[in-house]
Every structure is written in C-alpha cells, then in structure tokens.
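The values are calculated or read from the model by the stated rules, or taken from the named source; none is laboratory data. Everything numeric in this text was worked out from a predicted model, so none of it was measured. Cβ placement follows ideal geometry from the backbone for every residue including glycine, while neighbour counts extend to all protein chains displayed.
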Amino acid sequence: MSGAYYDIGKNFGKFRRGFDYYATPDERRLELALKCEDLLKEHASDLHDELLGFSTGIRLPYESVLAKQLLPHEISGCNLFFVKGEYTDNGHPIFVRHMDWIEDDLQRLTMLETRQLGKNVALGLSFAELGCFDGINTTGLAVGTASVPFFMGKQSVGLLDRYVARWALDNFSSVEESVDYLYSVPHAEAIIFLVADRKGTSARIEVSPTKVRAEVSDEGINVANNFFILQDMRELDSMPKDDRSWTYHRRIHDWFLNTKHKIGLKQVKEICRNHETGICEHLQDPPGGTIYSWISELGSGTIHLSVGYPCSNHYVSYDIVESSQMGKK
C-alpha cells in the first residue's frame, strides 16, 4: 500500500471490514487506551494517523479500535538469529525470524508492504494488526521481536512492540538509530528486539516498562529467544533453565559453530526445518508452534517466507522492490 499514513490505514481498514469485530472496552481499558494513544501521538505520530485512517476504513467504534490496537494482549514465543556476512557463502548478512504461536492465527496473517513519501519502503508481518512484529526495509534493516513470558513485572502504559518495529523500519537504516529510538520511547511490555543492518551490525535490545538495555554486537552470530540475558534485565525474568527456549538458544549457537564460514540459505533452512537439532516447533494444546518463518539476506530486498510449519512447507521469495511479482520462486 502506498500514500499517506492515513490513506494506508483507511485502505487496510477497508480490507479488514467484515472480518474483525472488537468488543466495547470497559471504562478502565478505555482510559488506558487513551493514555497509550497520547504516547503514540508523541513518539510515532504518523502511525497515529494510520490508526485514525484504519478506524475510518473498518467502520467500527473508535473506542473499540483504540483498545484492540493499542493495549497489550496475548504474548507469542519466537526465535530469531543473525549471521554476519563474513560467515555466509556470498557475503550477505542473514536474518532469521521464527514466529511460534497458535495455528488459528494463520488465517489472519498479513504481510504488508508500505510506501510513504519520504520514508523507507518496508515489508512487515502481523496478524491483521497495525504495525508489524517483524520485517525488513529497502535500506537493509531488519527487525524482529520476541516476548518474555516469564516477566515478573507488570504491563504498563506505553507503545506495543509492533508500533516500535514498524517505526524503525519506516525511518531508520542502521542499528544505531534503531537502538537510540528504542531507548527514547516508553514500552508497554517485556519484549526483546533483534535488529540488524546490511553493514553486519546487530543489536539485542531488551525492553520492559521500567528498564531498557541494549547490546550492540559485531560478533558473527546474535540470537534472541524468549528470555532476558543482559545486565539488570535477567532479574526481571523467571524463565526456568529447562524451558525449550533455552534449548533453541543452545541449538542455534551449536549450529553456528559447526557450520560457520559456509552458511547459505540451504543451511539456514535446514536448522529452521529440523526438530531434533533445529528450531521447528509443534505444539498440541492448542495446535501451534512455528506457524511462519522467514529468512532474508540483508540488502537483497527479499524475504524467503514459509507460511505454516517450515518442516512441511516451502520457502517462497517475496521481493520488496518488485512487489507485483508476489510469490515468485
């Protein structure tokens, strides 16, 4: 979608009209949503314009749209990692995103390419929501988010991760710019951001309503799962050491040590698809696991996306520049 932010929101709302129905918020939730709206105006004003357009397009009460689109809801589990270009077979840095969540939400999975005058062209994914949980832009920046399910603090008034991720993709081309922005905004939840750029720089940014810590890395591998590890943040997270998220963390590092200097799309897809030594996950109650996965060689303008479990679905290439050629192999 292209045009002003309001127009993009309005067209996206029209696209969702008749599919989404939001409950009327009680007085307390509406009060919180209005406070979050003020923060969105302050820290990502263009996305507030998009929210206004979305409300017009979807034709649902504005109060209901505010509560649904601005307040925290159920959390998702994820695995993300980045490999520096000197360890890949063609010199391009590689960014990998696994979304671990419930199967039912696949029917709402939306990949949206946005083009606004004076902004980066961005390609982001969400579950039919404003903003994006992950994506890339044409400058070679990639962003992904992971929840912290064992966070011991409380949610607060602030920006959701998908607005922060989208703002970074729309406006920035470097890890350093993105880190500065994440330090400057109030956060509603405990979230881990993995950010990387085409230069080979990456950063792990751990945020909560009370603290933000970032570690910019020049290492060959950078990994983000569902737990805090940075100084002053680990104390906010009670995830047990036997949780599967720690297992995936170790598997990614072991894979890198065994594969480095010859890593290409083939090798990355193998760890994404493998159950015994990789990170493909299946859950039964409710049915879910790795419901989508994507890989991008940063700077290429392309993501390779598997919709559904990567062990049983092909990765299909989508070009952010030539979006009309959707689905080309």
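Restricting the search to segment 49-85, which residues are within 19 Å of Arg29 (Cα to Cα) and outside any helix (DSSP H, G or I)? I'd like the intermediate steps shown before the answer.
Our first condition is that a residue be within 19 Å of Arg29 (Cα to Cα); within segment 49-85, this holds for 51-52, 55, 60-75.
Answer for segment 49-85, where residues must be within 19 Å of Arg29 (Cα to Cα) and outside any helix (DSSP H, G or I): Leu60, Pro61, Leu71, Pro72, His73, Glu74, Ile75.
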Name the residues in segment 201-222 that are surrounded by 24 or more Cβ atoms within 10 Å (Cβ to Cβ) and touching a helix residue (DSSP H, G or I) at 6+ places or on another chain (Cβ under 7 Å), would you?
Ser202, Ile205, Val207, Ser208
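Would you mention how many residues in segment 144-199 are aromatic (Phe, Trp, Tyr) and over 25 Å from Asp237 (Cα atoms)? Give the steps one after another, and end with the answer.
Of all residues in segment 144-199, those aromatic (Phe, Trp, Tyr) come to 150-151, 163, 167, 172, 181, 183, 193.
When the remaining residues are screened for being over 25 Å from Asp237 (Cα atoms), the result is 167, 172.
Total satisfying the criteria: 2.
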Please find, within segment 63-98, the residue that is surrounded by the most Cβ atoms within 10 Å (Cβ to Cβ) out of those that are more than 16 Å from Asn226 (Cβ to Cβ) and aliphatic (A, V, I, L, M).
Val83
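Kindly indicate which of Val207, Val216, Val195, Val223 is outside the structural domain of Leu40 (by TED's automatic domain parsing), over 21 Å from Phe256 (Cβ atoms), of a type in the set (A, V, I, L, M, F, W, C) and modelled with pLDDT of 95 or more.
On the way: Val216 fails: over 21 Å from Phe256 (Cβ atoms); Val195 fails: over 21 Å from Phe256 (Cβ atoms); Val223 fails: over 21 Å from Phe256 (Cβ atoms).
Result: Val207 is the single residue among Val207, Val216, Val195, Val223 that is outside the structural domain of Leu40 (by TED's automatic domain parsing), over 21 Å from Phe256 (Cβ atoms), of a type in the set (A, V, I, L, M, F, W, C) and modelled with pLDDT of 95 or more.
Of all residues in segment 105-161, which are among the basic types (Lys, Arg) and either out of contact with any helix residue (DSSP H, G or I) (no Cβ under 8 Å at 6 or more places or on another chain) or assigned to a strand (DSSP E or B) (or both)? I'd like the intermediate steps shown before the answer.
First, pick out the residues of segment 105-161 that are among the basic types (Lys, Arg): 108, 115, 119, 154.
Matches in segment 105-161: Arg108, Arg115, Lys154.
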The listed residue being buried (at least 20 other Cβ atoms within 10 Å of the Cβ) and assigned to a strand (DSSP E or B), out of Tyr248, Tyr318
Tyr318
State which residue is surrounded by the most Cβ atoms within 10 Å (Cβ to Cβ) when the search covers only segment 116-132 and only residues that are within 15 Å of Ser296 (Cα to Cα) and under 12 Å from the mean Cα position of the chain (by Cα).
Leu123
